[in-house]
Every structure is written in C-alpha cells, then in structure tokens.
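Student: Structure provided below as structure tokens; questions to follow.
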Amino acid sequence: MSSLIVIARNLNDSLTDYTTIHDGIFKKTLRKTVPIPFLFKAINFQELEQKLQTVHNDLSRYKTQVNDIRQSGSEDINKCNIFIEYVDKLIYAVQLLQGITRNLFLKSQGDNTYKLSEHTELVKRYETAVDAYYSLGDKMNSVFS
C-alpha cells in the first residue's frame, strides 16, 4: 500500500474528529431547539478549541509528509497536489472554527466584546471555507478511488 494512501486514511480520521466538533457546535438537536433547563449541558468551548488545535497539528503534519513524498517523486504528483490543496482548505476551515470557539469561550467567561454581527460574519466565512474543502474533497475522492 502506498504511503500516500496511508496518510489519506489518517487524514480521514482527523476529518472525522473535526466533523464531530463541527456537529457539536452547529448541528440542530432537540436539546438546542427546546431548551429544557435540567437537560441543558454547557458546551466546553475551551476543550473544543484544544481538540481543534490537535486536528490542526495533525493536518499540518500530513501536509508536510505529502509534500516530502511529492518532492521525492515516489508518488503521482497530481495526487499529491490535490491532497495538499485539500489539506490547505481544510486547515483554513479549522482555523476559522478555532476562532469561533475561542470567541465563544471568551463570551462564556463574561467577555462581551464578541458581538453577534462579528459572529455572523465569521460563521459566513467559515461556511464558505467548508464549501471550498467539500468541493475539492469530491475531486480528491475521485482521484484516490
């Protein structure tokens, strides 16, 4: 099995971790729709931010590994280029989500400088970044299948 495929599988694990964090923040649930006080569980934004940093570090490591493979010429350069471009877009989305979680953590600690308008704009930028890595993900899946 090629080392690029092994790294791609590791990337998938990190993507799963990232998606779980994303869903924990944005996914609609009955608990969020019908606020019942005794069922409310606060979101630990600081913990999510730390988990996102781990994902970010992993993605950066995969990018470096694939860049090394690309430079060695041992794998298809087109696959390496698509992989690196995908990881770049995913890293950008992770960074934006880190910013959102950081701001929400600070807000939960009483910092009122993070305004709804700023949050809305940051979420829009984040959604655009998600769309960008999603669209490239389709291309990556077709190249790796």
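Throughout, read-outs are computed from the coordinates displayed, never taken from laboratory work. None of the values given here were measured: they were computed from a predicted structure. Cβ atoms come from the backbone with ideal geometry, glycine included; neighbour counts cover every protein chain shown.
Student: Could you give every pair whose Cβ atoms fall below 8 Å, whose first residue belongs to the range 124-143 and is free of Cβ contacts under 8 Å to residues at least 40 places away in the same chain and under 11 Å from residue 96 (Cβ atoms), and whose second residue is β-branched (Val, Ile, Thr) and assigned to a helix (DSSP H, G or I), counting only separations of at least 6 or pairs across chains?
Tutor: 126/100
Student: Pairs please, first residue from the range 71-85 and free of Cβ contacts under 8 Å to residues at least 40 places away in the same chain and over 14 Å from residue 2 (Cβ atoms), second anywhere and of a type in the set (Lys, Arg) and assigned to a helix (DSSP H, G or I), Cβ atoms under 6 Å, 6+ apart in sequence or on different chains.
Tutor: Short answer, once both residue conditions are applied: 84/63.
Student: Now for a separate question. Looking only at the range 51-77, how many residues end up being more than 19 Å from residue 12 (Cα to Cα) and part of a helix (DSSP H, G or I)?
Tutor: 5
Student: Applying the selection to the range 88-124, what residues are of a type in the set (Asp, Glu) and either closer than 22 Å to residue 59 by Cα or outside any helix (DSSP H, G or I) (or both)?
Tutor: From the range 88-124, those of a type in the set (Asp, Glu) are 88, 111, 118, 121; that's our starting set.
88, 111 - these are the residues of the range 88-124 that are of a type in the set (Asp, Glu) and either closer than 22 Å to residue 59 by Cα or outside any helix (DSSP H, G or I) (or both).
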